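Q: Quick one: this structure, given as structure tokens, is what I'll be asking you about.
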Amino acid sequence: MNMLEVNDLSYSYPDGKPALRGVSMHAAEGECVGIVGPNGAGKSTLLLHLNGILPEDDSRHGKVVVCGDRITSANLHEVHRMVGLLFQDPDDQLFCPTVQEDVAFGPAQFGSPAGEIDRIVRESLAQVGLEGFERRSPHHLSGGEKQRVCLAGILACNPSILVLDEPTSDLDPRGRRELTRLIRGLPATRVIASHDLELVVDLCSRVYLLDGGEVVASGPAVEILSDEELMLAHGLEKPHSLQHRHPHP
């Protein structure tokens with residue numbers, strides 16, 4: 001079953017500049033799918049459509065289907081619960097004085113019983129390895145800890161789909177390893193946009209290569225990312241771990 005489907009999605013920014021041109025993609029239940037491409041390819045714009053942040057009305061061309069239902073203004077609240085989006089910059093997502101309040105915000109918004117929220121926060125923080133961080137200030141944490149607090153806040157809402165935008169961009173090697181292990185162990189369907197192609201090789205079974213707002217290639221992650229000619233043509237480099245592997249003719 002496809003948990004997420006994007007069909008012929010096009011979108012232009014308010015200034016008229018096209019950002020997405022007829023993009024189609026899907027992700028099956030429990031699958032981890034990568035979105036790769038150069039800067040300005042449309043990766044972040046695509047992710048913002050997957051949980052209805054863009055567009056701000058029903059003017060999209062094409063459609064996005066989540067768990068069998070097309071996203072519309074009428075079901076946005078439920079879509080926001082089902083599709084958790086991790087922003088590239090954790091500071092865009094953290095706005096409360098304490099970790100407890102940040103992680104509790106989503107469950108409270110989505111109607112979790114007040115008596116349950118403390119337990120949900122504890123369990124979500126434990127899931128990301130941050131037990132006992134409830135009273136800490138998010139803005140005094142390391143980049144990796146902030147990223148994990150954001151992820152805990154998403155997991156607290158029990159989403160069916162996780163959408164991650166450049167999740168390792170500000171992490172040191174240890175933080176990257178910890179986050180990779182954490183993402184790998186999650187049962188949700190995952191969509192990861194990243195310039196970290198080793199992360200994509202590690203985690204994703206399939207990839208979509210975007211350039212100029214279009215899907216220019218898609219298929220098994222190792223096969224697409226091993227194609228050095230394809231990678232170079234779209235401003236990317238073949239991952240080091242695949243250097244001795246040749247794509248199928």
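Q: How many of the residues making up segment 177-195 are buried (at least 20 other Cβ atoms within 10 Å of the Cβ) and either free of Cβ contacts under 8 Å to residues at least 40 places away in the same chain or over 27 Å from Val65 (Cβ atoms) (or both)?
A: The qualifying residues number 1.
Q: Here is a follow-up. In segment 104-189, which helices (runs of 4 or more DSSP H) lie fully inside it and hold 2 or more residues that are over 25 Å from Lys43 (Cα atoms) and either at pLDDT below 95 or of a type in the set (Ser, Thr, Tyr) (or both)?
A: 114-127
Q: State all residues of segment 85-103 that are within 19 Å of the chain's Cα centre (by Cα), in a helix (DSSP H, G or I) and over 14 Å from Cys157 (Cβ atoms); if no residue qualifies, say none.
A: Selection gives Pro90, Asp91, Asp92.
Q: Go over the candidates Gln109, Gln88 one by one and state the one that is of a type in the set (S, T, N, Q) and surrounded by 14 or more Cβ atoms within 10 Å (Cβ to Cβ).
A: Gln88
Q: Does Leu50 satisfy the condition of being surrounded by 14 or more Cβ atoms within 10 Å (Cβ to Cβ) and touching an Asp or Glu at 6+ places or on another chain (Cβ under 7 Å)?
A: The answer is no for Leu50.
Q: Of everything in segment 17-40 that's assigned to a loop (DSSP other than H, G, I, E, B) and modelled with pLDDT of 95 or more, which residue is nearest to Met3 (Cα to Cα)?
A: Glu29
Q: Scan segment 1-16 for residues that are in a loop (DSSP other than H, G, I, E, B) and aliphatic (A, V, I, L, M) and jot them down. Break it down into steps so the answer makes sense when it comes.
A: At the first step, the residues of segment 1-16 found to be in a loop (DSSP other than H, G, I, E, B) are 1, 13-16.
Met1, the sole residue that qualifies.
Q: Assuming Gly16 fulfils every condition listed in (1) of a type outside the set (S, T, N, Q); (2) within 24 Å of Val128 (Cα to Cα); (3) out of contact with any strand residue (DSSP E or B) (no Cβ under 9 Å at 6 or more places or on another chain) apart from one, which condition is it?
A: Gly16 satisfies all of (1) of a type outside the set (S, T, N, Q); (2) within 24 Å of Val128 (Cα to Cα); (3) out of contact with any strand residue (DSSP E or B) (no Cβ under 9 Å at 6 or more places or on another chain) except (2).
Q: Within segment 130-147, which residues are within 21 Å of Gln88 (Cβ to Cβ), without any contact (Cβ under 8 Å) to a residue 60 or more places away in the chain and of a type outside the set (D, E, K, R)? Can you show your working first?
A: Going residue by residue through segment 130-147, those that are within 21 Å of Gln88 (Cβ to Cβ) are 130, 138-147.
Adding the requirement that they be without any contact (Cβ under 8 Å) to a residue 60 or more places away in the chain leaves 130, 138-146.
The answer is Leu130, Pro138, His139, His140, Leu141, Ser142, Gly143, Gly144.
The values are calculated or read from the model by the stated rules, or taken from the named source; none is laboratory data. Keep in mind the model is a prediction, meaning the values are calculated, not measured. Backbone-built Cβ (ideal geometry, glycine too); neighbour counts: all protein chains shown.
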